[in-house]
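Values quoted throughout were computed directly from the atomic coordinates according to the rules given, and no laboratory measurement underlies them. Just so it is clear, the structure is predicted and the values come from calculations on it, not from any experiment. Note: ideal-geometry Cβ built from the backbone for every residue, glycine included; neighbour counts use all protein chains shown.
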Amino acid sequence: MSQTALYHFLTSVPEAAAIWSFLLLLALGLLAALVARPEREPAPDAAPEPADADAARRDDLIRYAEEVAVAAAGAAQTARRRRERWLAAQDEAELAWTAYDEADAAAAAWPVPPRWPPRVHRAPRPSTRPGSAGCTTPP
């Protein structure tokens, strides 16, 4: 069995080397084609007229001002909504503090503070001494 695996490995190594060599040559050929390709020069732009450039700039500024106005309106609306949530949260916190103060005052009005944790009466443990025969009282 081991000779068969070794034989298969030795016979497949040259095939793999041939495939990798082919891929390497293909990559080098594509790289050479990309490097040797002549650069294209961009087409010369027509010089815009000054009046058209000023009108385009004015239009861009107007469009920008409109976008800023829309963004400001959205920010104001978000600020109002978040302020309402903040005020509601403050009201809830105030109610919680009021309830806490009332509970604290009620607890302070008790004549004797309760023991915490309360004592629980438990059955005594069975003795495990030798010769006690399960007796739970001391001798």
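Some points to look at:
- For the stretch 61-67, 3J(HN,Hα) computed residue by residue from phi via the Karplus equation (6.51, -1.76, 1.60; θ = phi - 60°) reads 5, 5, 4, 5, 5, 5, 5 Hz, glycine and proline entered as x.
- Taking Lys and Arg as +1 and Asp and Glu as -1, the other residues whose beta-carbon sits under 14 Å from that of residue 85 total +1.
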